[in-house]
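**Q** Take a look at the following structure, please.
The values are calculated or read from the model by the stated rules, or taken from the named source; none is laboratory data. Remember, it's a predicted structure, so these values are computed and weren't measured experimentally. Every residue, glycine as well, gets a Cβ built from its backbone with ideal geometry; the counts of neighbours run over all protein chains shown. The area values use the complete protein model at the heavy-atom level, side chains included, leaving out ligands, DNA and RNA. Shrake-Rupley method; radii C 1.70, N 1.55, O 1.52, S 1.80 Å.
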Amino acid sequence: MTMENQELRKAGLKVTLPRVKILQLMEQAEKDSHHLSAEDVYKSLLEAGEDVGLATVYRVLTQFETAGLVVRHNFEGGHSVFEMAKGDHHDHMVCLETNQVIEFFDEVIEQRQHELAEEHGFEIVDHSLVLYVKPKK
């Protein structure tokens, strides 16, 4: 049994060809440090000669999100992308010109956020930091 089949079964999802193909694309994107929109997944499937509709891609990605296989990020301007759920915390930079999403982790930023919450009498349960950037001219 392939790794994708095992992951799908472990997540409680039936193994279907569209699910396997989409999971393979998401895993490859993870290796390449890319985040994919549903449209990116759909275009990749078309280029590979796969007969999977855009509605199926959206449905499968939503199922993967519900099952905890992927994480959806909704950025400003309606830009939604998916990445494999790795379980590690990281933040994002989004280029306003290219829509490229860059992951980063900075211990100083993380520590300062906890200090700020503490100063105001709170503890952080979860957070998301997104920096919107553009190339320097």
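**Q** Any idea what the relative contact order of the range 1-102 is, in percent, if you count C-alpha pairs under 8 Å spaced at least 6 apart? Numbers along the way, then the final one.
**A** Numbers: 98 pairs, mean separation 24.3, N = 102.
Averaging sequence separation for qualifying contacts and normalising by length gives 24 percent for the range 1-102.
**Q** Continuing with this model, one more query. Roughly how much of His92 is accessible, in Å² to the nearest 10, using a 1.4 Å probe?
**A** 10
**Q** Give me the three principal axis extents of the chain from the C-alpha atoms, as integers in angstrom, largest value leading.
**A** 53, 41, 23 Å, listed from the longest principal axis down.
**Q** Separate question: So which GluC sites (Glu not before Pro) in the range 104-137 pass both tests, a DSSP loop state and at most 15 other Cβ atoms within 10 Å of the Cβ?
**A** Loop-located and lightly packed - Glu123.
**Q** Provide the per residue accessible area, probe 1.4 Å, for the chain, rounded to a whole number of square angstrom. Write out the running numbers ahead of the final one.
**A** Working: 8940 Å² over 137 residues.
Result: 65 Å² per residue.
**Q** For the chain, build the charge dipole from Cβ charges (+1 Lys, Arg; -1 Asp, Glu) around the Cα centre, then report which of Ile22, Val52, Phe105 sits farthest towards its positive end.
**A** Working it through, the farthest residue towards the positive pole turns out to be Val52.
**Q** At 222 nm, what value in deg cm²/dmol follows for the chain if DSSP H runs of at least 4 each add -39500 (n - 2.57) and the sum is divided by all its residues, to the nearest 500?
**A** Values: 5 runs with 60 residues, N = 137.
Taken over the chain, the calculation gives -13500 deg cm²/dmol.
**Q** How much accessible surface area, in Å² rounded to 10, belongs to the heavy atoms of Met26 with a 1.4 Å probe?
**A** 0
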